[in-house]
1. Evaluate E = 1/(1 + (r/R0)^6) for A:E137 and B:A62, where r is the Cβ-Cβ distance and R0 equals 25 Å; express this FRET efficiency to the nearest 0.05.
2. Each residue of segment B:156-167 in order: what ³J(HN,Hα) in whole Hz does its phi give by Karplus 6.51 cos²θ - 1.76 cosθ + 1.60, θ = phi - 60°, with x for Gly and Pro?
3. Could you give each residue of segment A:94-110 its phi-based ³J(HN,Hα) in whole Hz, using Karplus coefficients 6.51, -1.76, 1.60 with θ = phi - 60°, and x for Gly or Pro?
4. What whole number of Å gives the distance from the Cα centroid of segment A:157-174 to the Cα centroid of segment B:134-152?
5. Return the long-range amide H neighbours of A:F104 (sequence gap of 5 or more, or a different chain), with a cut-off of under 5 Å between placed amide H atoms.
6. With the Cα gyration tensor of segment A:109-174 giving a ≥ b ≥ c as the square roots of its eigenvalues, does the rule (a/c under 1.5 for rounded; else a/b larger than b/c for prolate; else oblate) give rounded, prolate or oblate?
7. Return the whole-Å distance between the Cα centroid of segment B:56-113 and the Cα centroid of segment A:54-120.
8. Could you check the simple spin-label distance between A:V150 and B:K71, using points 7 Å along Cα→Cβ, in nm with one decimal?
Protein chains: 2
Amino acid sequence: MGFWKKLLNNSAAATAPQDNIFEGDMIITKRETAPETRICFSTQRELDLYELEELCDRVGWARRPLRKVRKALQHSFLVVSMWEVRGKSKRLIGFARATSDHAFNATIWDVVVDPEYQSKGLGKALMKYLIKKLRGEDISNITLFADPGVIDFYRRLGFMLDPEGIKGMFWYPD
Amino acid sequence: MGFWKKLLNNSAAATAPQDNIFEGDMIITKRETAPETRICFSTQRELDLYELEELCDRVGWARRPLRKVRKALQHSFLVVSMWEVRGKSKRLIGFARATSDHAFNATIWDVVVDPEYQSKGLGKALMKYLIKKLRGEDISNITLFADPGVIDFYRRLGFMLDPEGIKGMFWYPD
């Protein structure tokens with residue numbers, strides 16, 4: 001977790017202890033430098049889509065129609081957002097979602113961490129939170145499609161590349 | 001299509017012309033040998049789970065709890081079954097399903113064709129039907145995880161392996 005200290009990670013829907021502005025789940029504080037700053041996770045899918053778009057802009061993703069993003073969030077099995085909370089203000093700093101058949105398989109999409117908050121163990125914390133939530137729903141086969149630059153990141157989290165020769169394949173329209 | 005002749009493939013929910021026992025979609029007849037035999041596709045998700053289990057048994061898949069199979073079918077975005085229809089009787093000979101966020105991505109799971117009906121172009125027809133249905137829902141990113149033995153099958157259908165180095169990855173519980 002780097003210099004982030006995990007305070008709580010087992011409560012199902014813990015509210016931040018100091019105030020009620022955030023209904024989150026896992027809470028991390030910056031130990032030495034800014035004890036008033038917390039990192040929280042939420043599975044609420046009603047996100048401000050403009051805020052999400054800004055986050056995706058910051059990592060250089062191509063913009064997508066908000067109408068389709070709204071539909072995708074609505075029909076994802078799990079939507080996880082990561083927030084920096086300081087006093088009464090909060091900022092969206094990470095996001096990931098998963099589709100699923102609610103029984104066997106889940107596929108993780110759109111994993112993003114604000115570049116300013118990268119390399120601090122927060123992407124790892126976000127993924128661990130997501131995996132824990134999926135495991136809590138009895139999903140045993142968690143899959144994703146990784147860009148070359150993040151394969152090692154996912155490998156360190158326990159994801160396997162092409163197990164038993166199984167290969168990810170893509171079909172795009174002409 | 002091998003020796004199967006495609007009669008209809010554009011109607012949204014065409015009923016088999018000779019009788020009403022089957023509400024299917026794409027209909028194929030065996031041209032020379034058995035004109036009374038038709039192959040039909042359906043997207044109805046209320047399948048006889050025992051019949052589906054028998055089909056999966058025939059290809060040697062491990063059995064799965066029917067309660068979970070029912071849940072998976074219910075929460076799949078698309079469920080496609082393939083049937084051989086002779087007069088008043090029908091037999092499940094193929095199956096596939098897809099999870100999706102209903103907007104951008106779909107992932108295909110559990111593609112199976114009865115071994116007796118393999119190598120006749122029917123797996124290809126099943127997949128083409130599935131892709132067409134997904135494209136009709138404006139899904140542009142269709143993905144799957146292919147066992148080594150079927151990579152070429154999917155490649156011939158237009159699926160690409162690791163495009164731009166993107167890799168399929170799996171996480172399983174310990």
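1. Values: r = 21 Å, r/R0 = 0.84.
Step by step, r from the Cβ atoms, then E = 0.75.
2. 5, 8, x, 6, 9, 8, 6, x, 6, x, 5, 10
3. Working through the residues one at a time gives x, 7, 7, 8, 9, 8, 6, 8, 6, 9, 10, 10, 9, 10, 8, 10, 6 Hz.
4. Computed from Cα coordinates, the inter-centre distance equals 11 Å.
5. Excluding prolines and chain starts, which carry no amide H, there are no hits.
6. Values: a/c = 1.69, a/b = 1.23, b/c = 1.38.
Taking the square roots of the gyration eigenvalues as a ≥ b ≥ c, segment A:109-174 is oblate.
7. First find each Cα centre; the distance between them is then 30 Å.
8. Reported label-point gap for A:V150 and B:K71 is 2.7 nm.
Every number here is computed from the coordinates shown, using simple stated rules; none is lab data. In this text the structure is predicted, and so the values were computed from the model without any measurement. Using ideal geometry, Cβ is built from the backbone for each residue, glycine included, and neighbour counts are taken over all protein chains shown.
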